Structures are given as C-alpha cells and as structure tokens.
Amino acid sequence: MLTRRTFLKLGGMSLAAYTLSRWDGWRALQPLSLPTGRTIGAVPLYDRPNGKIIGYHFPDRVMTLGKARGGWIAVEDGYVAQAAIEPMPTWKQTATLPARFPAHMEVVAPAAIVRTEANALSPVVARIAHTSQMQAVDHLSGAHGGWIALADAHGALLGWSQAVGWRTLDDITP
Amino acid sequence: MISPRFLSRRDLFTALRPAARAASSNYTPTEHFYRELRNHYPVVSAEHWRLTLAHGAQVMASLSHEDLLASPATEMDATLCSYAVHSSSALISHGRWCGVALRNLLPERSAYARVMGADGRDTTLTRQQLENAVMAYAVNGVELPAHLGYPVKLIVPGTYDHKCPGWVTRVELSDTPVADYWLRQGKVLPDDVQPFARIEQVLPRSRNGAPYRLRGIAYAGLRAIQRVEVSIDDGDWTPVSLAAGVPGCWSRWRAEWYPALPGSYALRVRAIVDGIDQHPVIPRPFVVNVEAVV
C-alpha cells in the first residue's frame, strides 16, 4: 500500500527529474570536446619522445590529441611526431547532399577516396585530403549516402567517391 | 595392398575450408588440413608397407612400419602449402610433424634423392633439401590420416606440397637429377616458396570506440620476412605487428584499424623480404564493409 510518505518521495523525485532534464545548464557542465587530429600517411608510434618505435598508425586515423611538446604530441597509446598529425574538427559521419547537381562539395572526412566506379573494389583514381573542395556532378543513392560523381576543373568525370565523407557548400553552388 | 578410395563431397568441402579456422592456435586442426583435391588416393596398409632405400637399382635396406617407428624420432613445425596458394585462399596449413629425419635413414650420401609415393608421384631432392627432410608418420600428435599420405609423408621445409609426396614407398639415391612426376607431365613447378602474406580475419569492434582487429599470416619458406605491410584503399603501406618467424613456418601478423567513416574499404597486405615486395601475383583485396563509426 502506498503511504503518504512514499507518495511524496516518489512525487518529489519525479518532479526533480523532469525539471533537471529540461535545464539547459547541463550543456555548460559537460567538458569541452578534446582536440582531434588525423595521421598524415603511415605514422610511427613511439613509446616516448625520441624513444623507440612500438607500432604504426594507419593513414587518416582520427585520434584524440594530448599535450604537444618539443615537436612531439601525446596520443592515446604513445607519442607521434607533431608534423605527422593534422588537427581537424570532429564531424558528423553522415552525408549532407545538395538539393541539385552540379554542386561544390568539401571533404569533411580525414580523406576521400575517388574510384573509377561507384564500387569499393574499383581502382583508386585519387585520394583527396581533408577540407579539399571539388565539383560534384551526379549522385547514386546507396548505403551511407551513396556515391557522388566528381568532375575535374574542365567538367570531365574524375571518378566516384562515397558521399558520407563530403558536405555540400551551398553558398558557392553555381 | 593398395586400393583407391574415392573422396566424398564432404571431403571436398573440408579441403576448401580456410586456414582461418585454426586462428585460435598456430596449428591447423588435422581435420581442416590443406590437401590436394584429387579423385582418389592410395590407402596403404601399414602391415604390408615397406620403405625401400636404394642407390640406383641396388637396394640398400627395406624398412617396415615398425622399423620406422622404432627409429629415433624427430618433431618439426612446418607449413605445407600448394604452389597455387598465391591465387587461392585455402591451400595452406601448418602442423607439427613427427617422424624420422631422412638423412638418418640413409646409410650413405648422394647428390640427389628421388622419393616415390604409392600414388605414382615422385620428387627429386637436392642434398640440401634432403638434409632438412623428415619422413613424417604423425601430425599434430595423431597418426597421419590416409588422405594426407599415411603411413609416411615426406616433409621438406620451405618447399611447396608437390615436393612432399605422401604414401612414400621408395627413396632412391642418385648422382644426377631425375625428372620428377610433374616435369614428366610437362609442368615446371617452383620448388621454393615465394613470399606472400594474407588477411585471414577482420574481427569487428567489440564495443564503441574499439578498433577493428586485422589478423593474417605471412610465409616465405626458409627465408625471413622483414615486415608485413597493410594498405587500406590503396593508401600508404603501413607496417603491422609480426610474430617472430621460424624458417619453414608461417608467421602470424596482427593490426588494429580505426576506420574513419562508414562504407566499404579494400584492404591489401604484402610481405617484404630482402627489402622488396616479392609477391608473385597481385593479391586480391579483402573488402570490409563498415556499418557505423562511433
């Protein structure tokens, strides 16, 4: 049987939970996101600055960056040369496609792979670095946003890239 | 004494199982061992089996199965693979072989030795190959199965399987090389294993933020593999962690991979020996579909 005392307890807790869930101040209490960066090429991982190599990171690995000192930067599992890391913002791993094509698009992933066909097994034409911009001329729907067709400066088809690594630049769409 | 036995469909299926089944152990389970696909193989009775040792036509000794088992035994880890392993995925196995060193069975030395099997195939060993060869009667702690060459299979480390005949019945010393079975068939097959590496498993992440774990093997026969490298989507070749190698045995490699975004990736691997990539054929990529990156 629900006593008056128990009823007041439950009611108070429910009210407090509802109030706190709608309080915007929670966002201010969350820690700032840590800086991230991507590896440029195959990057040796050291046990300490100027120490011995304990492994390698694959190219375009996104990792949380620690303190930088003397040309070295601390990462999750050791140290890497600071010159081998390019800082980059975190991004939403979803494709943002333009309403119409052609359109200008920017690489938001660590790198975008351009292939001869819209197929992961087709030969690689180019590897485009983070923040590079290109003109997309067509789109094929599929998993993870499908594929976009990229054109070179003369409008000729360069190849296809998975749309998930790109975002549209609506403001300069021709 | 010798009668053909036909392989069942299940046998054929077993032969096609990838070596990855044995990833938990360095040894391939005997039931999953690579074997050549053939319509039949000899079934030899140990009771009547004899191993004849000869120099040319002159017989030097004839050993029974019991004689062989009574000889000083030796154990050896060795990888067995087909010369077609570079273009097919399953034609390689690794086992612990028990038998008698061939050099200890021979009363004299010669430049070449021709080893013949009850299936009509034979091979010619050089003196150096003969020094390392073992007449194996057990693998992975069990008696050699009939389909692998019971009662005795020749194991020559660092060579392809066609240099390791099974159901061995005769060893013949000679001073000149003799054309072996495959050469008489018009096929010139390589003796020494060409270096190669392979991706065997891509284990999905166990939790959010964890890496994909890449697992594979690399093998270079009697040569030492300097390093194994992986390329993702034709990117830079990145060295991966390679277990210390033993000549004549495959080495396992592993790597951790954090895909940057969901989608399809084409992974390639290569083995570096003597400073260069020596794969005889360009390996097909291992395609991984990453559903989500968290």
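The values are calculated or read from the model by the stated rules, or taken from the named source; none is laboratory data. Just so it is clear, the structure is predicted and the values come from calculations on it, not from any experiment. Reconstructed Cβ throughout: ideal geometry from the backbone, glycine too, with neighbour counts over all protein chains shown.
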Of the listed residues (B:Arg223, B:Arg268), the one being closer than 30 Å to B:Ala133 by Cβ, out of contact with any His (no Cβ under 7 Å at 6 or more places or on another chain) and surrounded by 18 or more Cβ atoms within 10 Å (Cβ to Cβ) is B:Arg223
Take the residues in region B:132-165 that are touching a residue at least 40 places away in the same chain (Cβ under 8 Å) and among the β-branched types (Val, Ile, Thr); name whichever of them is surrounded by the fewest Cβ atoms within 10 Å (Cβ to Cβ).
B:Val142
For B:Ser206, the lone unmet condition from (1) closer than 26 Å to B:Ala244 by Cα; (2) free of Cβ contacts under 8 Å to residues at least 24 places away in the same chain is (1)
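Of all residues in region A:34-77 being within 24 Å of the chain's Cα centre (by Cα) and away from chain B (no Cβ under 14 Å), which is surrounded by the most Cβ atoms within 10 Å (Cβ to Cβ)?
So the first thing to find is which residues in region A:34-77 are within 24 Å of the chain's Cα centre (by Cα), and the list is A:34-45, A:55-68, A:72-77.
If we keep only those that are away from chain B (no Cβ under 14 Å) too, we end up with A:35, A:65-68, A:72-74.
Details: A:Pro35: 15, A:Leu65: 17, A:Gly66: 13, A:Lys67: 7, A:Ala68: 14, A:Trp72: 19, A:Ile73: 22, A:Ala74: 16.
Checking each candidate, the answer is A:Ile73.
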Any idea which of B:Gly275, B:Gly248 is of a type outside the set (A, V, I, L, M), farther than 21 Å from A:Pro123 by Cα and modelled with pLDDT of 90 or more?
B:Gly248
I'd like the residue in region A:137-147 that is buried (at least 20 other Cβ atoms within 10 Å of the Cβ) and at pLDDT 90 or above and, out of all such residues, is farthest from the other protein chains (Cβ to nearest Cβ).
A:His139
Filter region B:254-268 down to the residues that are touching a Pro at 6+ places or on another chain (Cβ under 9 Å) and either charged (D, E, K, R) or not in a loop (DSSP other than H, G, I, E, B) (or both), then identify the one that is nearest to A:Val108 (Cα to Cα).
B:Tyr265
From the set of residues in region A:107-116 that are in a loop (DSSP other than H, G, I, E, B) and in contact with a strand residue (DSSP E or B) (Cβ under 7 Å, 6 or more places away or on another chain), which is nearest to the other protein chains (Cβ to nearest Cβ)?
A:Pro110
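Every residue, every condition in (1) within 14 Å of chain B (Cβ to nearest Cβ); (2) assigned to a loop (DSSP other than H, G, I, E, B); (3) buried (at least 21 other Cβ atoms within 10 Å of the Cβ), yes or no:
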{"residue": "A:Ala99", "(1), (2), (3)": "no, yes, no"}
{"residue": "A:Met105", "(1), (2), (3)": "no, no, yes"}
{"residue": "A:Ala118", "(1), (2), (3)": "yes, yes, no"}
{"residue": "A:Leu121", "(1), (2), (3)": "yes, yes, no"}
{"residue": "A:Ile128", "(1), (2), (3)": "yes, no, yes"}
{"residue": "A:Gln135", "(1), (2), (3)": "no, no, no"}
{"residue": "A:Ala149", "(1), (2), (3)": "no, no, no"}
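Residue-wise test of (1) small (Gly, Ala, Ser); (2) closer than 30 Å to B:Ala197 by Cα; (3) assigned to a helix (DSSP H, G or I).
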residue: B:Thr28; (1), (2), (3): no, yes, no
residue: B:Glu36; (1), (2), (3): no, yes, no
residue: B:Tyr41; (1), (2), (3): no, no, no
residue: B:Ser45; (1), (2), (3): yes, no, no
residue: B:Glu66; (1), (2), (3): no, no, yes
residue: B:Glu75; (1), (2), (3): no, yes, no
residue: B:Arg96; (1), (2), (3): no, yes, no
Exception for A:Gln82 within (1) crowded, with 18+ Cβ neighbours inside 10 Å; (2) more than 14 Å from chain B (Cβ to nearest Cβ) falls at (1)
Criterion (within 12 Å of chain A (Cβ to nearest Cβ) and surrounded by 15 or more Cβ atoms within 10 Å (Cβ to Cβ)) met by exactly one of B:Pro259, B:Pro195:
B:Pro259
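Among the candidates B:Arg254, B:Arg268, B:Arg223, which residue alone is within 14 Å of chain A (Cβ to nearest Cβ) and touching an Asp or Glu at 6+ places or on another chain (Cβ under 8 Å)? Reasoning before the result, please.
Details: B:Arg254 fails: touching an Asp or Glu at 6+ places or on another chain (Cβ under 8 Å); B:Arg223 fails: within 14 Å of chain A (Cβ to nearest Cβ).
The conditions single out B:Arg268.
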Pull up region B:228-246, narrow it to residues that are crowded, with 19+ Cβ neighbours inside 10 Å and charged (D, E, K, R), then point me to the one that is farthest from the other protein chains (Cβ to nearest Cβ).
B:Glu229
